[in-house]
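The values are calculated or read from the model by the stated rules, or taken from the named source; none is laboratory data. The model shown is predicted, which means the values in this text are computed figures rather than measured ones. No Cβ is skipped: glycine too gets one built from the backbone with ideal geometry, and neighbour counts run over all protein chains shown.
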Amino acid sequence: TRAYLRDVRKYLLLVRGGDRDAVKCLFVGNTLEGMAKTWYDQWTTARENFTYDELTAALLARFAPEVQPRDVEARHTLALGTYRMRPNETIPSYQSRFEALVTPIADLSEGDHIFWFQRGLSESLAGECATDLMGRKFQSYGDLVQFARGA
């Protein structure tokens, strides 16, 4: 549901009249299908007037109640480990995905950046990047990434 609404917002930025509430609401109503369309018909029939913001809030509440704030989703992904390096993935590619994942976590410490980045490295790199060349644990995320890129 969140992805659908994101795409609707992007589309409406491109079309004439896409900044008007009535156009936005009609577009959403005409693109829904199945259970969402049935819900929309019932929801709009029960109201004389509504805004696009009210419609999208109700749509999210009905069809995406399990959606967590982005920082909570990011922490969950970290805990599951599903962000780990893919086979044959490069460090720059992994770094980019990792940083996109952790961006919503405003209070992620430097130590946590290091911990989670190392945890997601491939098995062959995890041991190699556990410490710097002097055998010390990394104190800087930037130093770790630079080291990993050269590993």
Item to check | Hits in the stretch 115-151 - residues which are farther than 16 Å from residue 82 by Cβ, touching a helix residue (DSSP H, G or I) at 6+ places or on another chain (Cβ under 8 Å) and of a type in the set (Gly, Ala, Ser) | outcome: 126, 130, 140, 148, 151
Checklist outcome for this item: How many residues of the stretch 59-105 are under 30 Å from residue 24 (Cβ atoms), modelled with pLDDT of 95 or more and either touching a Gly at 6+ places or on another chain (Cβ under 7 Å) or surrounded by fewer than 12 Cβ atoms within 10 Å (Cβ to Cβ) (or both)? The answer is 1
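So in the stretch 1-46, with the set limited to residues that are assigned to a helix (DSSP H, G or I) and hydroxyl-bearing (Ser, Thr, Tyr), which one is farthest from residue 58 (Cα to Cα)?
11
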Checklist entry - Somewhere in the stretch 131-139, is a residue part of a loop (DSSP other than H, G, I, E, B), touching a residue at least 24 places away in the same chain (Cβ under 8 Å) and under 26 Å from the mean Cα position of the chain (by Cα)? => result no
Next on the checklist: Step by step: first the residues of the stretch 20-30, then only those that are charged (D, E, K, R) and modelled with pLDDT of 90 or more, then the one that is nearest to residue 68 (Cα to Cα). Which residue is that?
Outcome noted: 24
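Tally the residues that are exposed (fewer than 12 other Cβ atoms within 10 Å of the Cβ) and either at pLDDT 90 or above or among the polar types (S, T, N, Q) (or both), restricting the search to the stretch 44-56.
Adding up the residues that qualify gives 5.
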Checklist entry - Of everything in the stretch 1-19 that's modelled with pLDDT under 90 and among the hydroxyl-bearing types (Ser, Thr, Tyr), which residue is surrounded by the most Cβ atoms within 10 Å (Cβ to Cβ)? => result 4
Next on the checklist: Any residue that is touching a Lys or Arg at 6+ places or on another chain (Cβ under 9 Å), part of a loop (DSSP other than H, G, I, E, B) and loosely packed, with under 14 Cβ neighbours inside 10 Å - is there at least one of those in the stretch 107-129?
Outcome noted: no
Checklist entry - Would the stretch 77-89 turn up any residue that is acidic (Asp, Glu) and either touching a Cys at 6+ places or on another chain (Cβ under 9 Å) or assigned to a helix (DSSP H, G or I) (or both)? => result no
Checklist entry - For the stretch 20-43, what are the residues that are among the polar types (S, T, N, Q) and surrounded by 12 or more Cβ atoms within 10 Å (Cβ to Cβ)? => result 31
